[in-house]
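Before any comments, here is the structure.
Nothing in this text is a laboratory measurement; each read-out follows from the coordinates by a stated rule. Small disclaimer: the values here were computed from a predicted structure and weren't measured. Using ideal geometry, Cβ is built from the backbone for each residue, glycine included, and neighbour counts are taken over all protein chains shown.
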């Protein structure tokens, strides 16, 4: 029989659907030996190219397919990965990495004989140069911005040695290299596919790409040649495959989890939070024993930001330009009640600094924030010239639809001390734009860590990080804070650097350009037959050590 191109395409599609169908059968047949991990990505998936790992789902999936020089453990410590060891020069500017010799890219037709070749230093040179290439327009270019002179900063003197030369010392740099942006990719595959590398990823990770029908299903298969082993010498990963669906409605996806069609479920939406959790954050009685629920610190600070630069026209007439007014707002909000009744105790009341609980160096003893104290709030308003809020102009608090209930709670809290606030609801993209353009005085925000070092939170208050160059959304400018921030490169010792961070964080709390509402927590649900799931404060999905009984 003679096949034309349409026949060939038909049979190719049928083969792929049959392959996916086999995975579905695995899920229904308890006697099968294949171990498939089922997950839903409700926010969709935009890319499988690590150069564009800017949201959680891309981070999660690229973390299965790719590796970097280093990785983090559950305690957020930096551990070897493709680099088995490294040295940092005495001036803190030169990083020399020594690579493993048993790391191979996954098989692909573009390699000789279709077999994956060894990952070498020149691959990291290519991968990092690709991140900073304006033509690629990687969302991860910020990692290297202002830290090195260009592609010449990446040096590969031989296959097993990779060197990075910084312009100046930057102690958090090693933590930054654990980001998925810094994964190694093969030049011949990435160059061949160009922008389409997003749908044809080839890495060195524990799972290899098999199939992706966007918006419907993604299948990853076990990488039989993966280099990492467990403590007993067994090869990782244990799972045979990962299958992701893309059900956009979280409540529908949760029902799939209850039916055991999903092995894992991340996050609890407000629409059904009460069905799962009590107000104290415990699992309700009807679900006890049916699946596991795990809460853990998540490196996300939820806050209210206030513009404080009196040189801006929008600030000149705003009562928020007065520090005592900002402090009064901080004292007026009952964070414990907010977390308990609006979030079913998911989150930790933000009564310390801007750096969240779970971050190395966090200390509620060293950094003092604000507790609920109505009398203190009223006293500060009197001292600012606004007794019981009299003479104080109405303030506008900008938010998005998904946080409207939280902001309405805050509106009520402020009214208790005489502060009148109206709520302005925006689309997420619109709110980000007006915040960046300094067109709102008072806004709800969140700051999620891209890497496990407190510097990423404190960078929001460095005066030279003025948007659009940097993330200083409140236009905070404090000479002592800047002085300490610029001394950071001198502190190679981690404990000493943590003390420096705490001093900076306390300055921010004293000046109050923000109201820290709570430090978020991740909530993960998983079936009783699943073990080995990572529990890290970045909520990074790590599946290479997961077992399914």
Under the definition of Cα pairs under 8 Å and six or more residues apart, what whole-number percent is the relative contact order of segment 211-250? 45 percent
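How many percent of all Cα-Cα pairs in segment 453-497 sit more than 16 Å apart? Kindly include the intermediate steps, with their values, before the conclusion.
Numbers: 364 of 990 pairs.
Cα-Cα pairs in segment 453-497 separated by more than 16 Å: 37 percent.
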Once each part is reduced to its C-alpha centroid, what is the distance from segment 373-404 to segment 434-451 in angstrom? 20 Å
Counting alpha carbon pairs within less than 8 Å and at least 6 residues apart, what relative contact order, in whole percent, applies to the chain? 18 percent
Cα→Cβ-extended label distance, 7 Å offset, between residue 168 and residue 416, nm: 4.5 nm
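Mean separation of Cα pairs under 8 Å and 6+ residues apart, divided by the residue count of segment 297-520: what relative contact order is that in percent?
36 percent
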Over segment 388-488, one equal point on each Cα, no solvent: what is log10 I(q)/I(0) by the Debye formula at q = 0.11, 0.17 Å⁻¹? -0.44, -0.91
Compute the distance in nm between two label points, each set 7 Å from the Cα along the Cα-to-Cβ direction, one at residue 109 and one at residue 272. 4.1 nm
Could you give the angle, 0 to 90 degrees to the nearest 10, between helix 5-28's Cα long axis and the longest principal axis of the Cα atoms of the chain? 70 degrees
Taking only C-alpha positions in segment 58-126, Rg and Dmax in angstrom work out to 14.4, 45
Cα-based equivalent ellipsoid, segment 222-277: semi-axes from gyration tensor eigenvalues, Å: 33, 13, 9
Under the rule of -39500 (n - 2.57) per DSSP H run of 4 or more residues, summed and divided by the residues of the chain, what mean residue ellipticity at 222 nm is obtained, to the nearest 500 deg cm²/dmol? -8000 deg cm²/dmol
Binning every alpha carbon pair distance of segment 446-521 at 5 Å from zero, what are the percents per bin? 3, 14, 26, 28, 19, 8, 1
The correct pair for segment 328-460, radius of gyration to one decimal and Dmax as a whole number, both in Å and from Cα atoms, is 15.9, 44
For residue 545 and residue 495, calculate 0.36 nm times their separation in residues minus their Cα-Cα distance, and state this gained length in nm to one decimal. 14.9 nm
By how many nm would the segment from residue 43 to residue 91 lengthen if fully extended, with 0.36 nm per residue of separation less the alpha-carbon distance? 12.9 nm
Full extension from residue 146 to residue 255: what is 0.36 nm times the residue separation minus their Cα-Cα distance, to one decimal in nm? 34.5 nm
Could you tell me how many cubic angstrom of Cα convex hull volume the chain has per residue? 171 Å³
In cubic angstrom per residue, the convex hull of segment 297-520 built on its Cα atoms measures 115 Å³
